[in-house]
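The values are calculated or read from the model by the stated rules, or taken from the named source; none is laboratory data. What you see is a predicted model, and the numbers here were worked out from it, not measured in a lab. Neighbour counts are summed over all protein chains in view; Cβ atoms, including those assigned to glycine, are modelled from backbone coordinates with ideal geometry.
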Amino acid sequence: MTLSEELYQSYVIAQSTLQTFIEDRSNSDKTAEFSQLLADSYTHHGKPLICGNGGSTCDAMHFSEELTGRFRKNRRALPAIHLGDASHITCVGNDFGFDEIFSRGVEAFGSSGDVFIGLSTSGHSENVIRAFNKAKEKQLKTVLLLGKEGGKLKGLGDLEFVIPGDTADRIQEIHMMILHIAIEGCERLLFPQLY
């Protein structure tokens with residue numbers, strides 16, 4: 001098999017993973033609910049707090065800048081906190097341990113009316129689990145974007161998506177799609193004139 005043929009199989013796997021996700025119509029209902037949670041939070045002067053590790057922290061940053069900057073069209077800036085500031089992570093990691101890097105951020109910035117969004121392709125990331133627990137303690141609404149079987153976090157969030165992929169890259173691609181569509185839905189609710 002040539003390299004081109006082998007890589008074509010990766011496209012087939014990506015399409016199959018996405019197709020499986022799309023065919024479950026409850027996912028579009030959950031995305032609409034996610035959008036509504038964000039819009040309700042903003043309406044009541046709240047904000048999302050989002051975290052994840054590795055590629056998921058990049059997705060979390062991307063989500064945040066789409067809100068504080070712009071998504072598709074100009075509108076007022078919306079607050080969003082990505083819990084991955086380098087100085088915070090290195091300080092908390094050094095003083096309290098890596099497992100606390102996100103929970104300390106939730107403790108510092110989270111308020112009732114905010115939405116906690118945790119990304120974990122395995123559902124087993126201890127630092128995301130602890131941040132989720134802190135969010136529940138502070139009475140934040142919780143949204144979990146998970147993968148594989150959902151891990152330790154499965155069944156705990158107010159709203160959750162479990163992507164049936166085998167690899168982190170395929171799972172993260174769908175996580176980013178969900179985040180983008182949730183932003184679109186939130187904008188449709190808050191700024192209908194844009195659409």
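Things worth noting here:
- Selection over segment 87-101 of residues that are among the aliphatic types (A, V, I, L, M) and more than 16 Å from ILE50 (Cβ to Cβ) gives a count of 1.
- Counting residues in segment 52-60 that are buried (at least 19 other Cβ atoms within 10 Å of the Cβ), in contact with a Cys (Cβ under 8 Å, 6 or more places away or on another chain), at pLDDT 95 or above and assigned to a helix (DSSP H, G or I) gives one or more.
- Residue among LEU38, LEU83, LEU49, LEU78 that alone is at pLDDT 95 or above, over 13 Å from the mean Cα position of the chain (by Cα), surrounded by 13 or more Cβ atoms within 10 Å (Cβ to Cβ) and hydrophobic (A, V, I, L, M, F, W, C): LEU78
- Any hit, segment 132-149, residues being farther than 24 Å from PHE21 by Cβ and of a type in the set (Ser, Thr, Tyr): no
- Qualifying position, being basic (Lys, Arg) and surrounded by 21 or more Cβ atoms within 10 Å (Cβ to Cβ), among LYS141, LYS148, LYS136, LYS152: LYS141
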